[in-house]
Amino acid sequence: MSEMRRSVLIVDDEVSIRRSLRAYLEDEGFEVLDTGTAEAGLKVLSTAPADAVIVDMRLAGMDGNSFIEMAHDIRPQAHFFIYTGSVGYQPPPSLRAIGIGEEQVFQKPLRDMSLLVKAMRQRMDARRKE
């Protein structure tokens, strides 16, 4: 019996970051969707299931925090990971309330992408066992 491929949505306004994340995650066996704006990301989530969402905090228009709050309403079962260039970013109380903590925050540039993949797999596996 083959395991279904897990899907990841990347929401980041930097094309080079989206491309590098996509390439790495596809090599790791994930199905990857990506978009450059929070608004487009919400549209994707409303039609395509995503097991995980990787979100930049600084986006044109809606910021990453607001996106995650709205995206969580659309896909409450999705796992959210923050990939930000903001030094010292801490999830605000609104994100902590939906279960997002420091272990889901990754600083750009991430030198070892396997750390992000490991965190994603651990979260998804834990949910699967519930």
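Treating each Cα of the chain as one equal point scatterer and applying the Debye formula with no solvent, the log10 of I(q)/I(0) at q = 0.17 Å⁻¹ comes out as -0.84. Taking amide H as placed 1.01 Å from N in the peptide plane, the amide H of L33 sits under 5 Å from that of V8, L9, I10, each at least 5 places away or on another chain. Take 68-77, 51-60 and order them by the average number of nearby Cβ atoms within 10 Å per residue, most first; the result is 51-60, 68-77. Taking only protein heavy atoms and a 1.4 Å probe, the accessible area of the chain is 53% carbon and sulfur. For H79, the residues 5 or more places off, or on other chains, whose built amide H falls under 5 Å of its own are A52, V53.
Residue separation of R127 and Q77 scaled by 0.36 nm, minus their Cα-Cα distance, works out to 17.1 nm of gained length.
Taken as Cα centroids, segment 1-46 and segment 98-114 sit 16 Å apart, rounded to the nearest whole angstrom.
Modelled this way, with points 7 Å down the Cα-to-C-beta line, the labels at K108 and M62 are 1.9 nm from one another. Heavy atoms of the protein chains alone define the surface here; on that basis segment 37-116 has 47 Å² accessible area per residue at 1.4 Å probe size. With 0.36 nm allotted per residue and the present C-alpha distance subtracted, the R5-E28 stretch has 7.3 nm of extension available. With one equal scatterer per alpha carbon and no solvent term, the Debye-computed log10 I(q)/I(0) for segment 49-123 at 0.24 1/Å reads -1.24.
The values are calculated or read from the model by the stated rules, or taken from the named source; none is laboratory data. As the structure is a computational prediction, the values presented were derived from the model and not from experiment. Using ideal geometry, Cβ is built from the backbone for each residue, glycine included, and neighbour counts are taken over all protein chains shown. Note: accessible area is taken over every heavy atom of the protein model, side chains too, but ligands, DNA and RNA are not part of it. Shrake-Rupley method; radii C 1.70, N 1.55, O 1.52, S 1.80 Å.
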